[in-house]
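Here's the structure we're looking at; comments come further down.
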Amino acid sequence: MLNFLEEWSFFGGSILLILIGLYGVITRKNMIKILISLALMDTGVNLMLVALGYVKAANAPILNSVVQTNTAAFVDPIPQALVLTSIVIGTAVLGLGLALVIKIYDKFSTLDISKIRGLKW
Amino acid sequence: MKFRNFLALIIVAVFAFIIFQAFTIVPAAGEITINKFGQADLSNRTASRYINKNVNSDSKKVIYKESSNLESGSANIVTSVVANYRSFDTLGEITVLFLAAAGIAIVLNLEKSEKSRFAAKEASLILNTGIKIIFPLLLLAGAYIFIHGHLSPGGGFQGGAVIATAFLLKMLADYKFEIKEKSITLVESAAGIVFVGLGLYGLITRGSFLENFLATGTVGELFSGGTIAVIYTAIAFKVGAELTNIVKSLIEA
Amino acid sequence: MVNLTLIIAIPLLMSFTMPIFKMLNQKLPKVIALLTTAFNLLVLTANFSQIMDSAIIIELGGWQAPLAINLYVGPLALLAAFLINGSAFILSIYNLTQDYKFDDKFYLLFLMITAGASGMVMTGDLFNLFVFIEITSIAAYSLTAFAGRDSYEASFKYLVIGGIGSVFMLLGIGFTYSAVGSLNLAEIAASAGLINPLLLQITALLFLIGVGIEAELFPLNFWVPDLYTEAPTAVSGIMSGAVSAAGIYALARIFFTLFPAQSFLNYLLYLGAITLILGELIAYQQKNIKRMLAYSSLAQMGLIVAVISLGTEGAVRAGLFQLVNHSILKILLFISAGVLISAAGSKNIDDLAGLGSKKKTAAFGFTIAAMGILGVPFLNGFISKFMIISSSLNADQFLLTVLILLAAVIEIAYYLKVVQKLYFEDLKIEVKKTAVITIPVVLLTLMIFGLGIYPQLIADPLEKAAAELINNGSYIMTVLGGM
Amino acid sequence: MLTNYIFIPIAAAFIAYILNKRNRKAGAVITALVSAYLLLSLTALYGRWDITQSFNLSLMGYKIDFLLAVNPLSWLFAVMTAAISILIALFSINSQENFKFSSVFNLNFLIIIGSMIGIVFARDFLTLFIFWELMTWTSFYLISAGKKKMAGRAAYRYIILSAGAAYAFLMAAIFIFQQTGSFAFDSAAEFLVANSPAQSIMLLLVISLPFIVKAGIFPLHIWVKDAHGNAPKEFSPFLSGMMLKIGIYGMIVVFYQLSFFKIIENTIAYRGLPLLSYLFALLGAVTIITGTILAIRQEDMKKLVAYSSISQMGYIIIGIAIATPLGFSGSMLHLMNHLIFKSTIFLALAAVIYRTGTTKMYEMGGLIFRMPLTFAAYLTAIIALAGIPPTNGFISKWVIYQALIEKGYLFLAIAAFFGSIASFMYVFKPLSTVFLGQLKPQHQNIKEVPLLMKIPMLILILVIVLFGVFPGIQMNIINQISGYLGIETVNYTLYSIQGANGAWNSLLIFNIFSAGFIIALLLFSFAKKSKLVGLLDTYSSGEYITDAESYHYAYQYYRPFDRLFDNLAAKSLTDFYETLTKNLVRSGEGLRRALAAGKLQNYALYSVLLFVILAAVGWII
Amino acid sequence: MPLISSFLILIMLIAALAALFFDNLLNSIIAAGLVSLIASVLFYFLKAPDVAMTEAAIGAGLTTAIFVLALYKTERGKSE
């Protein structure tokens, strides 16, 4: 049971997080909640990316006084670099989304997306 | 709308099930699939070249505080990936933040809305004095983080974020604290120019954009990062300025 | 030989310093934008002949090609880059006559959307493609908001869909990286054969949705009509002219070079055909001229995707030629429509009646571009329509040809409704003063007639681009060969 | 060389456009000069059937060669175009003074002339298609320059129909190109003959679609009435005179050069004629009947004449479809004669419109006193149309009747007879309402049309009578065409044509007619002066009518006759097409609502749904 | 290590569900903040200190701040 947990908790957890985020975007009416679900999805994906690069019993990819040489086992640094960028991109997009929400709220004075039908298709 | 939510749940569940399938594939002979959790074998990934720092040169062993002038001198391998090997991504990422800050400023200030705004009133005394103490410390911590980006965990983004949090707290504490828009944009532009200028200089001298042209010293020393230190300082100022700008626009929307 | 990274680096430098230019002088941002796009075109022409012989690989940061980020600029990328920077150049000429509030921010975003699109087209790295898609999308979100009023809603919808797309794409990148072990397109393509078929199917679908949003395929392009209608004219122009072209390039790169499988191409074929017919049908009954143009460009993108996904060399050449023609024609349409709308004060087609006599250049531009799209002989649309029909008949896709022709007839129906209103009905509203757009209209008309009468100008790059796309072996060889 | 016949008019078009901006008459003068040059140089070309010109182009990897050649058939059509365009240009020099779109008119008119000559000289599908599209587009702009709202709608329907047909043509042409490797007619003919009959017939029917639309044959004739009715008054003669004929030219190309007849020879026959060509003949007959009935109902004289053009085209189709030597020469004769007398009618009407400004017949009357020459031109033209001996109309109809009787097709003959008898009815309607009867008060001070508009009408009257008396002139070119197309020739002399049973001597008839005419003239001049009977000088049972106009009834002239066909006319084809487009619009709207577009949440749902569906599809396969 | 991380993941999922189903917006924003906080700890467990710091500083700190600011600019501003 333990190694099952160990093996699947990260992948399963991040997929479920993405699932919750996706469900939130599709069903929640409140615009801020949609953006929250978007943030959740981003976090989920980032978690997945780093989990893909994890190596059991390896140490963080930083040479310091403890880990002297690079012959030691390291975790994969590339997904971490990608996630660094993707977190900041996610925040930037969310910031812009929230600014838009404020302006839409000014115009429609409601946060409920279904009431905002200014643009029929 | 109950039925619609239920339908959405089913569809998303099926989607998640399919993605989950990807993880449970048993590869036939010679097939490659997603690695099991914890068993990412770095040997055939480009990451191994980054760890051994032998993308261009063929040095094998890197010993902390001993091996010197490697192709990328940073002890923190993630920083070497972010600022040396894939610095083009980071440049792209900085532009995303820059555009987001510009976008937010436009969206919030294009049409002055006449609705009554939530005005930050005088914060409580505790918060006020607390901020007065923490503010310089936070700035110092931020500075430490991005200066030691190539040695310890952390770097330009994290340092910039800490600085931005410092300014955020300052703005929340006393609303009289006013950062002039002009100064933020100046810092932003200056940092941006430094970064791109660095890249162009690398292009002129070493022949390819964003190439490292400074000596890389010995691993673990303060001045061992080559251009990484300069890049991370520029990033820290830029990210700090932009996030403060975003927060400032949101507060004064 | 000028290094091609300048196409991304110089606009970046200019946009970072744009606020300072604004402080120096009010008019400077406009001029800087024009000069930068002109500079980009010069860099591209400088490398034209060299790229025609063999693709150039530019290493970024001095690291060996497949191990870090590298730019791969072959004939296909060069053609797309020319298209993107050419449209940006013409639109910045058009912008000289416009003035926007916060114009330094406008031009900085405008430069960055061009540089983002050029980056998408030139990059040889998967995550870098994702970053450039993000740059282009976030620039698009902000640029749309310049029109105020309804544009916030349009931009928000695009933002959320774009957000979902980027999540899908990141997942795809994660799976590819963990399976193949590298982010470089050539290495992934080299070992794509080894990937387990089920995993390949799932990853390809993730990319199909992530990039499909940019390439405006059927269920993912609901944001297009709102965005093109609400955004300022220059933004709709650059989006329909350049950014959608970059989207299709990225889609082609993934489904021809990375995961070349006939089943995925069939998906694209069906999606493209549905987009084409749906777009035309709904464009037919639009009252708002910009929304009509939005659906028309949506449908044309579907047509291009459908034709390219036929997979034969002739089909890809026809699709690329249609892409080039469509960008030129659509930019002229948007510019003319922009002037007509500002003259009539409303986007409703009925109010544009009789403007032909008052706004001569704009009405003329609109008519020429409409006739170009409808495939009138001696205009560029005719030749690409001819090539599309012959290549789809060649691939004995009989139903697709009938669909394309039916769409063409519907297109004639709704474009001519506007042309007739412009010229042969009498004026209803008093005409407001508008910007003078003679230079862009003349430039674009010359291109339309030039390509129409003498298509050989562009035959050679098209030939090489199609060849490069069809067999990904050459792509892999040039990048990995250097190892 | 052949190309300069095509590109000189097109080049002159732009010059005419620019010059006309400055001086209103310049455009028409240039058109006249160019068409004069064309007429002269084309007639000089007579007899030299060997000139060919071709240039090839490797376009994007496709090796394409454009072939142009002269042959009797195309020479005839080119000369006809040049002749009619010079007359119209002369006519339009004055008649376009106050016409808003006169410079656009000349620009498009010259391009149409150039592209028509291009179509006629083309020897391969691509050149034919390019000039066909050019002609369709420029005629679209010309038609929509006509009456305000209706012209727009008419041109709109016209362009959609012909564009759809043209695209079908392009598809079939490219299909043949892929099988044979070239667009030329001859290689296509060989391929089609060798190919399986069913597929060849299908291909040829699709290729003949645009020609059927342009010739206004029954199922696709709906655009003709509105287009001709509402086009600018100078363009209607060209439209119904020449444009309908290009459709016929196309049909001839399909029937003979692409060897349609050879292919359907061995298909099931019906009374000695392959079923398909009989069906075409039937279509021609139905066109005659519907055209005539609908023409009678019209109140607007231009629409009336437009329907009459449709019905006259029916004759030509019957002639060609029955594929006998007599039939073919009869239809060619009728083709030429119809062009002549139909343009005379339209020019006369244009003169009337130029003076009175209206096309509604009941608003006019008694113009015979003010515009005698126009009346004379109109009279001779309707005599020709009705097919009465001294005029050319009679000869071509006579030959077609001979052909029908020779083959013994009863229904077709009856339809033809009905057409010519009924044609007298609808032709007489404008005569009596516009020219005879009482002069309306507002038309008191109308003068005859200026000289430049009189000349074309005079020339046309002379030509009607000339060809009426000496059909031989036409017959020698027709025989050369039949020889070129491989049909036996009909023997003829200068003034008589050998029919199925007995020849027709038109000179003799003409002498008798002129003798009778002179006697009547003498009697009229020497006899006792007859009292001019005013309209009011009559005995009407007690009911006094004070003003003269009320005697002149012009509205719903043939009401009793029309009542017979009211229900038939009601369900006209146009409603069928209108409903077609209406549910096209509704389907677009329905799709939009079905997708519940506009709501962001659905967009998100659809993207995930796409992933799931495609994954499922992938999984199953 | 595996036990703690699985437990933390569980809490994170519950917090995420709570973020969706709270009807008071402020609570759901705080729940979202909690999710990214736990995520940054998880990153630490996955031996990715850089990412943990970024997630903490930007994900938990700034994003939550921005959300709260936006909330006070729209709904909450009204009720004061």
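No value in this document is a laboratory result; all are computed from the given coordinates. Just so you know, these numbers come straight off a predicted model, no measurement behind them. Glycine gets a Cβ as well: all are built from the backbone with ideal geometry, and neighbour counts include every protein chain shown.
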Before rounding to the nearest 500, sum -39500 (n - 2.57) across all DSSP H runs of length at least 4 in chain C and divide by the residue total; then give [θ] at 222 nm in deg cm²/dmol.
-25000 deg cm²/dmol
Counting alpha carbon pairs within less than 8 Å and at least 6 residues apart, what relative contact order, in whole percent, applies to the stretch D:1-117?
43
If R0 is 45 Å, what FRET efficiency do you get for B:SER124 and E:ILE14 from their C-beta distance, rounded to 0.05?
0.85
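Quantify how strongly other chains surround peptide C:201-207 by giving the mean number of their Cβ atoms within 10 Å of each of its Cβ atoms.
That average works out to 5.
For peptide B:173-185, how many partner chain Cβ atoms fall within 10 Å of a residue's Cβ, on average?
So the per-residue partner count for this stretch is 1.
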Can you bin the stretch D:576-620 into rounded, prolate or oblate? Criterion: square roots of the alpha carbon gyration tensor eigenvalues sorted a ≥ b ≥ c, rounded for a/c under 1.5, prolate for a/b above b/c, oblate for the rest.
oblate
Please give the helix E:25-45 orientation as an angle from the longest Cα principal axis of chain E, in degrees from 0 to 90, rounded to the nearest 10.
20
Which FRET efficiency, nearest 0.05, do D:LEU33 and D:ILE455 yield, Cβ-Cβ r, R0 22 Å?
0.90
Between B:ALA28 and C:MET477, how many nm apart are label points set 7 Å from Cα along the C-beta direction?
2.9
Need one value for B:207-213: mean number of C-beta atoms belonging to other chains within 10 Å of its residues' C-beta atoms.
6
For D:TYR167, D:TYR278, order by how many other beta-carbon atoms lie within 10 Å, fewest first:
D:TYR278, D:TYR167
Once the piece of chain linking D:ARG153 and D:PHE524 is laid out straight, how much longer is it, given 0.36 nm per residue of separation minus the C-alpha distance between them?
128.4 nm
Apply the Karplus parameterisation 6.51 cos²θ - 1.76 cosθ + 1.60, with θ equal to phi minus 60°, to every residue of the stretch D:341-346 and state each ³J(HN,Hα) to the nearest whole Hz, in sequence, with x for glycine and proline.
6, 5, 6, 4, 4, 5
With θ set to phi - 60° and the Karplus curve 6.51 cos²θ - 1.76 cosθ + 1.60, what are the ³J(HN,Hα) couplings of the stretch D:101-110 in order, to the nearest whole Hz, using x for Gly and Pro?
9, 5, 5, 4, 4, 5, 4, 5, 4, 5
Amide H proximity to D:PHE66 below 5 Å, modelled H, separation 5+ or other chain, gives D:PHE55, D:ASN56, D:LEU57
Over all distinct alpha-carbon pairs, what is the Kirkwood Rh of the stretch D:1-153 in angstrom?
16.1
What shape does the stretch B:77-252 take by its C-alpha gyration tensor, where a ≥ b ≥ c are the square roots of the eigenvalues and a/c under 1.5 counts as rounded, a/b above b/c as prolate, and the rest as oblate?
oblate
Enumerate the amide H contacts of B:TYR175 below 5 Å, restricted to partners 5 or more residues apart or on another chain; note that Pro and chain-start residues carry no placed amide H.
B:ALA123
Among B:THR33, B:THR227, B:THR205, whose mean-square fluctuation peaks in a Gaussian network model of chain B (Cα, cutoff 10 Å)?
B:THR33
HN-Hα J in Hz across the stretch B:124-138 - Karplus 6.51, -1.76, 1.60, θ = phi - 60°, x for Gly and Pro:
5, 4, 4, 4, 4, 5, x, 4, 3, 6, 5, 3, x, 4, 4
Prolate/oblate/rounded label for the stretch D:108-191 (Cα gyration tensor, a/c 1.5)
oblate
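Counting other beta carbons within 10 Å of each residue's own, what order do D:TYR606, D:TYR577, C:TYR94 fall into, fewest first?
D:TYR577, D:TYR606, C:TYR94
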For the pair D:ILE512/D:ASN94, report the inter-label distance in nm, with labels modelled 7 Å from Cα in the Cβ direction.
4.0
Between E:PHE7 and B:PHE6, take the C-beta separation as r, use R0 = 41 Å, and let me know the FRET efficiency to the nearest 0.05.
0.85
Relative contact order for the stretch B:59-195: what percent, with Cα pairs under 8 Å and sequence separation of 6 or more?
24
Fewest-first sequence of D:ARG593, C:ARG253, D:ARG24 by Cβ atoms within 10 Å of each Cβ:
D:ARG593, D:ARG24, C:ARG253
Name the most mobile residue of B:ILE77, B:ILE133, B:ILE163, meaning the one with the largest mean-square fluctuation, in a Gaussian network model of chain B with Cα contacts below 10 Å.
B:ILE133
When only C-alpha pairs under 8 Å and at least 6 residues apart count, what is the relative contact order of chain C, in percent?
17
Quick query: amide H of B:THR218 versus all other amide H atoms, modeled in the peptide plane; which residues come in under 5 Å with a sequence gap of 5 or more or a different chain?
B:ASN69
Using +1 at the Cβ of each Lys and Arg and -1 at the Cβ of each Asp and Glu in the protein assembly as shown, identify which of D:GLN474, B:THR33, A:ASN64 lies farthest towards the dipole's positive end.
D:GLN474
